[in-house]
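Read through the structure below, which is laid out as structure tokens, and then see the notes.
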Amino acid sequence: MSDHGSGRNLSSNAPLNRGKGTLWEGGMRVPLIVSGPDVKSGVFCDVPTVGWDMFPTFCELAGIDKPLPKGLEGVSLKPLFETGHGNIHRAEDQIAVHFPHYSQGSPHSTITRGGFKLIKLYDPSELHLFDLNNDIGEQTDLAKNNPDMTAQLHQRLNDYLKLVNAGMPSVNPDFDPSAIAQAGGRSGRRGAAGGRRGPRQEQIAERQKELAVLRDALKQNDMEKIGQLIADMQKAMENAPQRSRGPRSGGTGGASSREQRQKEIQQLEGAHKISDREKLGELIAEIEQRLENIPARPSGRGSGRRGPRQQSGAR
């Protein structure tokens with residue numbers, strides 16, 4: 001099995017929504033393939049499982065008859081192996097997952113029960129409800145139309161997080177959006193030395209400032225301002241001078257940089273048109289990370305200054 005779905009920039013998770021770094025189905029629903037003695041072959045099982053089911057499964061397969069520690073989450077999947085179908089008895093008949101961090105979006109938690117899935121966002125504070133039996137792509141939000149189920153799952157999620165003493169996201173009183181722009185020199189200088197084609201320090205700083213203002217407008221739920229900011233970004237890109245030569249091998253500037261910029265703006269426009277605040281937050285985070293991880297360019301042959309920078313996968 002995999003620990004999470006693919007990153008959206010690496011491959012498509014369609015028809016699943018989003019991908020790695022999120023608790024939407026594209027980040028959670030992954031294949032689980034089992035082979036071995038007494039495992040029926042050539043069958044498909046759609047019973048929801050989770051990674052922490054592995055330990056009790058291994059214990060039963062190994063013939064351990066001592067009681068497992070109290071409070072241990074997970075159930076043995078052996079009954080499914082023997083028939084390829086059936087059911088397993090999970091406490092509360094629910095699966096909850098908690099991700100109180102910023103990654104490809106804001107901190108969020110989720111709970112799935114009886115085919116319904118609740119997603120709780122913490123920044124901004126929102127609840128979304130989906131019927132996975134009929135909407136595996138999480139396209140139809142039922143939270144407003146089914147307030148009873150939304151409230152029920154929300155209470156179950158809160159009870160679970162309290163039970164396991166989950167760490168919760170909290171407001172940072174010292175957060176200053178302008179500091180993001182001031183930090184631009186750290187990443188922006190990578191393209192400046194040697195006159196190569198990477199974005200200049202002031203260009204990256206300006207883009208980081210744009211994103212900070214955009215994120216601030218998103219937190220205030222000012223969709224009109226967000227639309228104007230995206231339009232300004234598009235206008236600025238159209239008015240920027242174009243290079244006559246293409247980028248060097250492996251480069252990030254020239255036409256490829258412009259095309260990437262255009263793609264980012266188009267994605268922001270698309271999310272804004274359907275008022276998808278979660279998607280907007282994810283896109284902003286992706287662009288910020290992309291700016292932070294522009295590969296370093298050598299300042300000159302044999303200069304010995306600034307070796308290759310660690311890429312995002314090593315962070």
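If you go through segment 105-130 and keep only what is farther than 20 Å from residue 20 by Cβ and in contact with a helix residue (DSSP H, G or I) (Cβ under 9 Å, 6 or more places away or on another chain), you end up with 111, 113, 114, 116, 118, 124, 126, 127, 129. When the residues of segment 5-48 are narrowed to those that are among the polar types (S, T, N, Q) and surrounded by fewer than 19 Cβ atoms within 10 Å (Cβ to Cβ), which ends up nearest to residue 283 (Cα to Cα)? Going through the qualifying residues, I end up with 9. In segment 100-148, of all residues being in contact (Cβ under 8 Å) with a residue 60 or more places away in the chain and among the acidic types (Asp, Glu), the one that is nearest to residue 215 (Cα to Cα) corresponds to 123. Condition test on residue 236, is it among the aliphatic types (A, V, I, L, M), at pLDDT 75 or above and within 23 Å of residue 276 (Cβ to Cβ)? Criteria not met by residue 236. For segment 19-34, the condition holds for at least one residue, the condition being that it is in contact with a Ser or Thr (Cβ under 9 Å, 6 or more places away or on another chain), at pLDDT below 90 and under 25 Å from residue 162 (Cα atoms). The condition of being closer than 29 Å to residue 117 by Cα and at pLDDT 70 or above holds for only one of 147, 173, that being 147. Here residue 102 fulfils each of the conditions (1) under 20 Å from residue 4 (Cα atoms); (2) buried (at least 17 other Cβ atoms within 10 Å of the Cβ) apart from (2).
Conditions tested, residue by residue: (1) within 30 Å of residue 56 (Cβ to Cβ); (2) part of a helix (DSSP H, G or I); (3) modelled with pLDDT of 95 or more.
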| site | (1), (2), (3) |
| --- | --- |
| 86 | yes, no, no |
| 111 | yes, no, yes |
| 117 | yes, no, yes |
| 134 | no, no, yes |
| 141 | no, no, yes |
| 158 | yes, yes, yes |
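Under the condition of being surrounded by 15 or more Cβ atoms within 10 Å (Cβ to Cβ) and among the polar types (S, T, N, Q), the residues counted in segment 79-99 number 1. Filtering segment 239-295 to residues that are at pLDDT 80 or above, over 22 Å from residue 10 (Cβ atoms) and part of a loop (DSSP other than H, G, I, E, B) leaves 274, 275.
Scanning segment 124-174 for residues that are surrounded by fewer than 17 Cβ atoms within 10 Å (Cβ to Cβ) and at positive phi yields one hit, 165.
May I ask you to list the residues in segment 81-118 that are within 19 Å of residue 152 (Cβ to Cβ) and of a type in the set (Gly, Ala, Ser)? Answer for segment 81-118, where residues must be within 19 Å of residue 152 (Cβ to Cβ) and of a type in the set (Gly, Ala, Ser): 91, 96, 109, 114, 115.
The values are calculated or read from the model by the stated rules, or taken from the named source; none is laboratory data. These numbers come from a predicted model, not from an experiment. Heads up, the Cβs are rebuilt from the backbone with ideal geometry, glycines too, and the neighbour counts pull from every protein chain shown.
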